[in-house]
Ligand SMILES: [Ca+2]
Ligand SMILES: [Ca+2]
């Protein structure tokens, strides 16, 4: 079947040594030796740095769009439209420092048709801002090293029959091997098909002190 692909990636922003630093809400920036998360002007006595928390991340130059990805009104990245054979990615071009925490809360729209595919993934990777994959690869197949939270809406060989979330590493989507770090888990109730024409909230959170990554997904409306 010729399937459409949806996938996403947002790498948190880290900027050092600039007079003005813009970060996404939830990220942090190193300013004069301290990791700051609040907007404001920070000083070391002779030098000032302004930190801006950007509530509209699509207007920053740090996001790189590939394939069929487009910016849509309402601060939205559309990775693919509801047509066959599409793929798209959005990467942030500044790498995050995992010695520091991040907490991203994004909204996800997974379509209106259970016959659509293949899903979306939140991916951390240091390789490139121009890579991706199509179809059942959900955009991150073959990217190594990488860390991906997939929202898989189409059953492939190792997938359960229902839509699911799983955490996979190194661009391997097989849920039966050692690259499957968590899941797959279905969407309640009763392993629901998630293409419900609704926006959903997804949270990705990293705690370097406890070395714990947390992902949450819920209905917004
Ligand atoms: Ca589905
Ligand atoms: Ca799949």
*For segment 76-166, list the strands (runs of 3 or more DSSP E) that sit wholly inside it and hold at least 1 residues that are away from ligand 2 (no atom under 12 Å from the Cβ), touching a residue at least 24 places away in the same chain (Cβ under 8 Å) and over 17 Å from residue 63 (Cα atoms); which are they?*
102-109, 147-152
*asked:* Within segment 90-101, does at least one residue satisfy the condition of being away from ligand 1 (no atom under 16 Å from the Cβ) and closer than 29 Å to residue 161 by Cα?
replied: yes
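Every number in this text was worked out from the coordinates using simple rules, so none of it is lab data. In this text, all values refer to a predicted model and were calculated from it rather than measured experimentally. With ideal geometry, Cβ positions are generated from the backbone for all residues, glycine too; neighbour counts draw on all protein chains shown.
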